[in-house]
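Okay, structure first, notes after.
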Amino acid sequence: MINRVRELRTARDWSQGELAERLGVSRQTVNAIETGKYDPSLPLAFAIARLFAMTIESIFDPDARAS
């Protein structure tokens, strides 16, 4: 699944650690999501969408694969 988390995070000038703190997860989890090594749980995906004031579908594309 491809996502826009890194793009959205860097647009706000947040580090991975800052985003992780806002979401209540580890920096390693944020890194794994950004690199496509980990797909977030549905509650975490909702939290990410709420944080960026976007829909889940506008952040995550379940039909695309990270290369």
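Tabulated data for the structure shown
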| item | result |
| --- | --- |
| Accessible area per residue in Å² at 1.4 Å probe, computed on the stretch 1-40 | 60 Å² |
| Correct choice for Rg/Rh (Cα atoms, Kirkwood Rh) that was computed from the model, options [x] 0.91; [y] 0.93; [z] 1.12 | [x] |
| Within-13-Å neighbourhood charge of Ile48 [Cβ basis; K, R +1; D, E -1] | +2 |
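The values are calculated or read from the model by the stated rules, or taken from the named source; none is laboratory data. Just so it is clear, the structure is predicted and the values come from calculations on it, not from any experiment. All Cβ positions, even for glycine, are placed from backbone atoms using ideal geometry, and neighbour counts span all protein chains on display. When the accessible area is computed, the model is the full protein with side chains, heavy atoms only, and any ligands, DNA or RNA have been set aside. Shrake-Rupley method; radii C 1.70, N 1.55, O 1.52, S 1.80 Å.
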